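Rule-based calculations on the coordinates, nothing more; no lab input. Just so it is clear, the model here is predicted, and its values are computed rather than measured. Positions of Cβ are generated from backbone atoms using ideal geometry, with glycine treated the same way; all protein chains shown enter the neighbour counts.
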Amino acid sequence: MNFVSIRIITADIKRLTRFYEEITGIPIKMLTEDFGELKTPACTLAIGSTRTLQLFSGEIARPADNHSTIIEFRVDDVDADYRRLTGVIGRSLVQEPTTMPWGNRSLLFRDPDGNLVNFFTPLSVEASGKFGK
């Protein structure tokens, strides 16, 4: 088995895809006007409009209603990304870059739908070893 993607359902796909392209610098490939994918070497972040829910038997998910998941991106320098994204993140900042007890330096903020996003850089040997670096 291989974990390959996570999908966000949104009522405003254009706004959310622009946001993720801006924060990651990775273009999202739109497969239809209602579905796009941001591909990284490790995993894919899929973004679908609420219209895609009809393909899955209707209202199986509610957009902008996540209170338990954090979407995480490993970055080379979380402090540099924080400086770069300060204007983009704005009032959605949850936590400035902070070194966590498990060895990652972490920046936590919310996307336009309120989903938590974590940019992190492994600092300790143990944390770096988990990612092959």
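Annotations for the structure displayed:
- Antiparallel %, DSSP beta bridges [both residues in the chain], to 5: 65 percent
- Net charge of the neighbourhood of residue 63, taken over other residues with C-beta under 13 Å away and scored Lys/Arg +1, Asp/Glu -1, is -2.
- Here the contact order of the stretch 68-133, divided by its residue count and restricted to Cα pairs under 8 Å and six or more residues apart, works out to 36 percent.
- Here the mean projected area of the convex hull built on the C-alpha positions of the chain is 8.9 nm².
- Seen from residue 88, the other residues with C-beta closer than 14 Å to its C-beta sum to a net charge of +2, counting Lys and Arg as +1 and Asp and Glu as -1.
- Considering the stretch 68-133 at the alpha-carbon level, its Rg and Dmax are found to be 11.8, 34 Å.
- Value of [θ]222 nm, deg cm²/dmol, for the chain, DSSP H segments ≥ 4, -39500 (n - 2.57) each, nearest 500: -6500 deg cm²/dmol
- Charges were assigned to the Cβ only: +1 to each Lys and Arg, -1 to each Asp and Glu. The resulting dipole of the chain about its Cα centre is roughly 80 debye.
- Extended-chain gain in nm, criterion 0.36 nm per residue less alpha-carbon gap, residue 128 and residue 79: 16.0 nm
- Across the chain, Cα pairs under 8 Å and at least six residues apart give a relative contact order of 21 percent.
- Among 15, 91, a tally of other beta-carbon atoms within 10 Å of each Cβ gives an order, fewest to most, of 91, 15.
- Diagonalising the gyration tensor over the Cα atoms of the stretch 1-48 and scaling each eigenvalue by 5 before taking the square root yields semi-axes of 17, 13, 9 Å, largest first.
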